[in-house]
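Q: Below is the structure I would like to discuss, written out as structure tokens.
The values are calculated or read from the model by the stated rules, or taken from the named source; none is laboratory data. For clarity, every value in this text was computed on a predicted model and none was experimentally measured. Please note: Cβ atoms are built from the backbone with ideal geometry, for glycine as well, and neighbour counts cover all protein chains shown.
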Amino acid sequence: MATPDSARSSLEFTEEMKGFAEFGEKDFRRGLEAGKTSASDLMFHLTIRIDDVDEFVSNPKHQGRADGYVQSSKLGGRCTVENGVFNLFVDAEDSSRKLMLYRLFFVNDKGEPFTLKGYKDVKDDPGFDPLEIWKDTTTLYTRILRGHVNEANEETAETVAAGMIFIQKLDFIKQLTTFKTAGPTPAHRAAAVAKFGKLFLGSLWDVYGVHLPS
């Protein structure tokens, strides 16, 4: 249930991811490697906005809004995100796996509509390595679809490009400085940060906790 407006607290942060996606490719890893060779760059710069932290935490979809831009030299440069959605740690069919989802509608320099559809795959692989947590939470498996494609129409959508983009270490450090909250009182704002942090760390524990010290 949404929090009453008088007590609602919001939160936002900025995220930047960079990598490569090859046009004409559908496989993520092949798209990454081919994109490096052909200099088919892809990145986004997003501000993730959560209007009601209580609603965000309690709703299983954990959905926020994503504003910003997608940038690709093969799409004509910087393209404004017209409608963007972000989902944090959505449950997958496997209980030891969670997904972070991105769906960004944008238009290129020729006025053609596209969708960036991506996911971070947070899962407990065999032979656990602590660096796995960093890799899983900073790697986005990415496809560019033709048109503004919602979830129901993905199976029939045309894949224009595929690849992988990443949060670089310096960009992650910068990202940590971009968290902002708004709320009726300092206590509400502090509580919003704490609730978001508890959801984030709790979800990581659900996946990797068997390997971490209690």
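Q: Can we say Lys110 is part of a helix (DSSP H, G or I) and among the basic types (Lys, Arg)?
A: Judged against the criteria, Lys110 is not a match.
Q: Could you count how many residues in the stretch 62-97 are at pLDDT below 95, surrounded by fewer than 21 Cβ atoms within 10 Å (Cβ to Cβ), of a type in the set (A, V, I, L, M) and assigned to a strand (DSSP E or B)?
A: 1
Q: Now a separate question. Out of the strands (runs of 3 or more DSSP E) lying entirely within the stretch 138-184, which hold 2 or more residues that are out of contact with any Leu (no Cβ under 7 Å at 6 or more places or on another chain) and over 18 Å from Thr47 (Cβ atoms)?
A: In the stretch 138-184, the matching strands (runs of 3 or more DSSP E) lie at 139-146, 159-166.
Q: Sort out which residues of the stretch 28-45 are buried (at least 17 other Cβ atoms within 10 Å of the Cβ) and part of a helix (DSSP H, G or I), and write them in order of number.
A: Answer for the stretch 28-45, where residues must be buried (at least 17 other Cβ atoms within 10 Å of the Cβ) and part of a helix (DSSP H, G or I): Phe28, Gly31, Leu32, Ala34, Gly35.
Q: Any idea which residue in the stretch 175-193 is surrounded by the fewest Cβ atoms within 10 Å (Cβ to Cβ), counting only those that are β-branched (Val, Ile, Thr) and closer than 23 Å to Lys18 by Cβ?
A: Thr177
Q: Can you tell me how many residues in the stretch 32-70 are touching a Leu at 6+ places or on another chain (Cβ under 9 Å) and of a type in the set (Gly, Ala, Ser)?
A: Residues meeting the conditions: 4.
Q: Test each condition in (1) in contact with a Phe, Trp or Tyr (Cβ under 6 Å, 6 or more places away or on another chain); (2) in contact (Cβ under 8 Å) with a residue 40 or more places away in the chain for Ala66 and report the one that comes out false.
A: (2)
Q: Now a separate question. Taking the conditions exactly as written (part of a strand (DSSP E or B), in contact with a strand residue (DSSP E or B) (Cβ under 7 Å, 6 or more places away or on another chain) and modelled with pLDDT under 95), does Phe105 satisfy them or not?
A: No; evaluated as a whole, the condition is false for this residue.
Q: Here is a list of conditions, (1) in contact with a Ser or Thr (Cβ under 6 Å, 6 or more places away or on another chain); (2) at pLDDT below 95, and Met1 meets all of them except one; can you say which number that is?
A: Here Met1 meets the rest and fails (1).
Q: Do you know which residues across the stretch 155-214 are in contact with a His (Cβ under 8 Å, 6 or more places away or on another chain) and at pLDDT 95 or above?
A: Across the stretch 155-214, there are no qualifying residues.
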